[in-house]
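Here, each number is a calculation from the coordinates, and none is a lab measurement. None of the values given here were measured: they were computed from a predicted structure. Glycine also receives a Cβ, built like all others from the backbone with ideal geometry; neighbour counts cover every protein chain displayed.
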C-alpha cells in the first residue's frame, strides 16, 4: 500500500499569513493527489484534485502543486475560517490512503 | 439538491455484524463511484472501501478486507456497507462519499454527515 506522510502535523499562523503543507507519497503517484479540509464535527471538503486543480467554489487562496512523490498545499491570506485539519489523499491506486493530517490553528 | 445521508450506526458487541446505509439523492446514482471512509475518535481519516461506477469494481482497505462488503441498490439509490466480525478498532464515524466524476482519481466531492459505529463489550 502507498503511505502518505504529511508535515507538519500542527501549524499555527496569523490572519493574513501564508503557509505551506507538504505531503509525500511512498511511491510515484503521478498527479493523483487530492487535498481536503475538515472542520471539527464536519465531513471533509474537497479542496484540490489532480494535485493542482481547484475544486469549484474553493477560494483561489488555496493552491496545490507537485507530482510524483512530493506535493504541497499552499494557503495565502489566512482567514479565521481556515482553522481546520487538512488531509492529502492519494488516488493513484487502490487501496486509497490519506495522510495523517495537518491541524491549522490561528494565533 | 445533491445529498448523501448515512444511517445504521449504533453500539454493537465485538464479533457481531452491522449494516450501514447511505441514501443518495439529486444525482445519477449509478454513474458515480462511491466510497466509505471512517474516522476513529480523535484520529485521522481512513479510507475503507470503494464501489466503482459502471464497472462495479470493489476494493477494500487491508484492515477490513474479508470482513466488510460494499454494495449498492440502484433501484433505491442506496449504498451499503455490510460489516461482519466487528472489532473494537472498527469504532469510528463512517462517512460515505462520491467520486467527483470522470473516474476515481479526481477526489471525493460529496460527503454525507457520517454515522457512528461503536464496538464495545
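What to note about this one:
- Extent along principal axes [Cα atoms of the protein assembly as shown; Å; largest to smallest]: 49, 39, 36
- In this structure, residue B:5 and residue A:14 have a Cβ-Cβ separation that, at R0 = 45 Å, corresponds to a calculated FRET efficiency of about 0.70.
- As a length-normalised measure over Cα pairs under 8 Å and 6 or more apart, the relative contact order of chain B settles at 35 percent.
- As a proxy for reagent exposure, ranking A:83, B:12, B:48 by other Cβ atoms within 10 Å from fewest up yields A:83, B:12, B:48.
- Percent RCO, i.e. relative contact order, over the stretch B:79-121, from Cα pairs under 8 Å lying at least 6 residues apart: 43 percent
- Per the Kirkwood formula applied to alpha carbons, the stretch A:1-55 shows a radius of gyration over Rh ratio, Rg over Rh, of 0.99.
- Spacing of the two label points (7 Å from each Cα toward its C-beta) at residue A:27 and residue B:57, in nm: 1.5 nm
- Percent breakdown of C-alpha pair distances by 10 Å bin, ordered from the shortest bin, for chain B: 14, 50, 30, 6, 0
- Relative contact order [Cα under 8 Å, 6+ residues apart], the stretch A:36-107, whole percent: 24 percent
- Directionally averaged projected area (chain A, Cα convex hull): 6.0 nm².
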